[in-house]
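A.B. asks: Take this structure, written in structure tokens, and hold onto it; I'll ask about it next.
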Amino acid sequence: MDLPSPVHGPSWMGAVLFLGGQLLALWPVTAVEVHTSREVEALNGTNVRLKCTFSSSSPVGQRLSVTWNFRLQGMNSAESVFYYYEEPYPPTNGRFKERVTWDGNIDRNDASIVVWNLNPTDNGTFTCQVKNPPDVDGTIGEIQLRVVQRVHFSEIHILAVVIGAACALMIIVVIVVVVWRHYRKRRQEKSTEMVETELTEKEKLKSTEEKVAVPLED
């Protein structure tokens, strides 16, 4: 008697591989998110802090690296500005040699730098890239730096000036009120002293006159 032939179909190994692929497709991809100011305006000859912060799904490890690059306006090629891996590595050549210092704190997810002695040739785009293995992919922060001869007042600057002026005016009003009250109090005290002095003098004079008016008894 012949045995029934086995039913052919997808093997258990193929099913496992298929299920694993589906799980990998659904599994969230870890990445580093970098946050920077989009535009920064600074005065020629001054220093500027380029702020760069990051967030990672993995704890910050010793293999974390930070790469800062610079790209001139209208140019596609970039040049190195700064590198961090376990410790800061400032540039040893190029336009930013001895002009960039580390101002970040990895433990606080801060990868900022300071660019010193700005000049018009620093106009361009600075990029900040952070890798924190296994998070090696993610966004790259960009900062558009404009070096100007005069700082243009924005709406925020104008609002800050208005608020500052209002606060200064309130302080002046308070000082004037306090001084006026103190002056008025002193005047009242002086008037009271004068009245009391006059009353005392009058009482003394009246007492003297009464003594003189009393007739001598035999």
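A.B. asks: Restricting attention to the stretch 152-169, and to residues there that are part of a helix (DSSP H, G or I) and modelled with pLDDT under 85, which single residue is nearest to LEU43 (Cα to Cα)? Reasoning before the result, please.
C.D. replies: Restricting attention to the stretch 152-169, the residues satisfying the condition of being part of a helix (DSSP H, G or I) are 155-169.
Then keep just the ones that are modelled with pLDDT under 85; that gives 155-162.
Numbers: GLU155: 18, ILE156: 17, HIS157: 15, ILE158: 18, LEU159: 20, ALA160: 19, VAL161: 19, VAL162: 22 Å.
So, considering only residues that are part of a helix (DSSP H, G or I) and modelled with pLDDT under 85, the one nearest to LEU43 (Cα to Cα) is HIS157.
A.B. asks: Next question, about the same structure. Among what's in the stretch 86-108 and is in a strand (DSSP E or B) and either of a type outside the set (Phe, Trp, Tyr) or out of contact with any strand residue (DSSP E or B) (no Cβ under 9 Å at 6 or more places or on another chain) (or both), pick the residue that is least open to solvent (accessible area, probe 1.4 Å). Please lay out each step first, then the result.
C.D. replies: Start the filter on the stretch 86-108 by keeping residues that are in a strand (DSSP E or B), which leaves 87-89, 100-102, 105.
Cutting the leftovers down to either of a type outside the set (Phe, Trp, Tyr) or out of contact with any strand residue (DSSP E or B) (no Cβ under 9 Å at 6 or more places or on another chain) (or both) gives us 87-88, 100-101, 105.
Details: GLU87: 97, PRO88: 54, VAL100: 7, THR101: 59, ASN105: 58 Å².
Among those residues, the one meeting the criterion is VAL100.
A.B. asks: If I go through the stretch 60-85 residue by residue, how many of them are among the aliphatic types (A, V, I, L, M), buried (at least 16 other Cβ atoms within 10 Å of the Cβ) and not in a loop (DSSP other than H, G, I, E, B)?
C.D. replies: Here the count works out to 2.
A.B. asks: How many residues does the stretch 56-79 contain that are polar (S, T, N, Q) and at pLDDT 95 or above?
C.D. replies: Taking the stretch 56-79 first, the residues polar (S, T, N, Q) are 56-58, 62, 65, 67, 69, 73, 76-77.
From what is left, the residues that are at pLDDT 95 or above are 65, 67, 69.
Result for the stretch 56-79: 3.
A.B. asks: For residues that are open to solvent by less than 100 Å² (accessible area, probe 1.4 Å) and either touching a Gly at 6+ places or on another chain (Cβ under 8 Å) or of a type outside the set (Val, Ile, Thr) (or both), tally how many sit in the stretch 168-204.
C.D. replies: 4
A.B. asks: Name the residues in the stretch 27-59 that are among the charged types (D, E, K, R), assigned to a loop (DSSP other than H, G, I, E, B) and exposed (fewer than 12 other Cβ atoms within 10 Å of the Cβ), would you?
C.D. replies: Let us first name the residues in the stretch 27-59 that are among the charged types (D, E, K, R), namely 33, 38-39, 41, 49, 51.
Next, from what is left, pick out any that are assigned to a loop (DSSP other than H, G, I, E, B): 38, 51.
Within the stretch 27-59, ARG38 is the sole residue that qualifies.
A.B. asks: Would you confirm whether or not the stretch 204-215 contains a residue that is modelled with pLDDT of 85 or more and either in a loop (DSSP other than H, G, I, E, B) or over 30 Å from ALA78 (Cβ atoms) (or both)?
C.D. replies: From the stretch 204-215, those modelled with pLDDT of 85 or more are none; that's our starting set.
Scanning the stretch 204-215 turns up no residue that is modelled with pLDDT of 85 or more and either in a loop (DSSP other than H, G, I, E, B) or over 30 Å from ALA78 (Cβ atoms) (or both).
A.B. asks: Pick from the stretch 109-151 the residues that are β-branched (Val, Ile, Thr), farther than 12 Å from ASN69 by Cα and part of a loop (DSSP other than H, G, I, E, B): which of them is nearest to the chain's Cα centre (by Cα)?
C.D. replies: Going through the qualifying residues, I end up with VAL151.
The values are calculated or read from the model by the stated rules, or taken from the named source; none is laboratory data. Just so it is clear, the model here is predicted, and its values are computed rather than measured. All Cβ positions, even for glycine, are placed from backbone atoms using ideal geometry, and neighbour counts span all protein chains on display. These accessible areas exclude ligands, DNA and RNA; they are computed on the full protein's heavy atoms, side chains included. Shrake-Rupley method; radii C 1.70, N 1.55, O 1.52, S 1.80 Å.
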